[in-house]
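The values are calculated or read from the model by the stated rules, or taken from the named source; none is laboratory data. Since the structure is predicted, the reported quantities are computational estimates derived from the model, not experimental observations. Every residue, glycine as well, gets a Cβ built from its backbone with ideal geometry; the counts of neighbours run over all protein chains shown.
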Amino acid sequence: MKSDSPLLSREAKDHLKVIRPKAGERIELFDGEGSSRVFSYSNDGLVPLEPIKAHPKPPELTLFACVTKGQRWDWTIQKATELGVTRIIPVISKRTIVRIAEDESASKVSRWQKIASEAARQSATKWIPEIANPVTFEKSLDLVRSTECFVGALLQSPPQPIMKALARRKGDRPPAVFVGPEGDFTPEEIESLISSATPVSLGSSILRAETAAIYALIVIKAYLDAESFDCTDD
C-alpha cells in the first residue's frame, strides 16, 4: 500500500473483472494489515485519490475451534473474520473427525487465509486475522493460558451464561473462545480445559460447532463494544 501503483493479487484482479468498474469510479483497496487507500479506476490503471489511511488494530480476540468438515469450517472462518476476530487457532481434538497430515498443513492454512482475506474484503474489515497451523488439543492448552478463555458448547450443563462470565472478567488478558467438535470434548479434555478456561453456557439449545463459535463471538464482541462505548453526554 506504500506505492501509488499497488500490486493487485490475482483475487483482486478477478474481482475487478467481475464488478466491471467504470472510468472514474472510486475503489478502496486495503492490505489486510490496517492500511487502506482510495483510488480512481481508469483503463490505464488505478490513480490514487487520497493519502494512505491507517486503521487502528482491533482488540485481540482469539477463536480456538476444533476443525469441522468442508464448507462448515470455511463458513466459520468467513463469519469469524467478519466479526473482527484477530486470530483463529484450528484444533484437532480426540473426537475431531477431520484429520490433517503434517505435509497438508501449509496448503490448508494458505487456503483458509484466502477465505479470510475474501471475507475481510466483502465486510470492509481492514485487518485480516492470523490463521495458525492446526494444533493438537494438548498443544492448544499452552495458548489458552495466555488468554481469558471461555469454553462453550459443552454438552454437560456449564455453571453460568457467557454474558455473566464476561461481566466477571478480571485482569487484562485478551478474550478468547474455545469450541469443541460435534461430539463434544472427552471427559479428560474437559477436565484439562476447565483448569485453564471458564466453562460457559451458550443457551438451552444444542448448537452445531460452527453455530456455537459464532454465537459466542457475537456475544463477546457485543459486550466488548458496549464496554468501550463512550456514554458521556453531548
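Residue check: is Phe178 of a type in the set (Phe, Trp, Tyr) and either within 21 Å of Ala222 (Cα to Cα) or without any contact (Cβ under 8 Å) to a residue 24 or more places away in the chain (or both)?
The answer is yes for Phe178.
Filter region 172-184 down to residues that are closer than 14 Å to Ile97 by Cβ and at pLDDT 90 or above and give me whichever is surrounded by the most Cβ atoms within 10 Å (Cβ to Cβ).
Among residues in region 172-184 that are closer than 14 Å to Ile97 by Cβ and at pLDDT 90 or above, the one surrounded by the most Cβ atoms within 10 Å (Cβ to Cβ) is Gly180.
Would it be correct to say that Leu83 is buried (at least 18 other Cβ atoms within 10 Å of the Cβ) and over 26 Å from Ser35 (Cβ atoms)?
Spelling it out, it is not the case that Leu83 is buried (at least 18 other Cβ atoms within 10 Å of the Cβ) and over 26 Å from Ser35 (Cβ atoms).
Do you know which residues across region 207-234 are modelled with pLDDT under 85 and surrounded by 10 or more Cβ atoms within 10 Å (Cβ to Cβ)?
Within region 207-234, Glu227 is the sole residue that qualifies.
Name, by its number, the condition in (1) under 17 Å from Leu224 (Cβ atoms); (2) modelled with pLDDT of 95 or more; (3) surrounded by fewer than 17 Cβ atoms within 10 Å (Cβ to Cβ) that does not hold for Lys139.
For Lys139, the failing item is (1).
Within region 29-81, restricting attention to residues that are of a type in the set (Gly, Ala, Ser) and part of a strand (DSSP E or B), which residue is farthest from Asp184 (Cα to Cα)?
Filtering first and then ranking leaves Ser42.
Please find, within region 193-206, the residue that is modelled with the highest pLDDT out of those that are surrounded by fewer than 17 Cβ atoms within 10 Å (Cβ to Cβ) and either farther than 17 Å from Leu166 by Cα or not assigned by TED's automatic domain parsing to the domain that holds Arg87 (or both).
Going through the qualifying residues, I end up with Ser195.
Can you confirm whether Ser146 is within 16 Å of Cys66 (Cα to Cα), in the same structural domain as Arg95 (by TED's automatic domain parsing) and in contact (Cβ under 8 Å) with a residue 24 or more places away in the chain? Walk me through how you get there before you give the answer.
Details: within 16 Å of Cys66 (Cα to Cα): no; in the same structural domain as Arg95 (by TED's automatic domain parsing): yes; in contact (Cβ under 8 Å) with a residue 24 or more places away in the chain: yes.
No, not satisfied.
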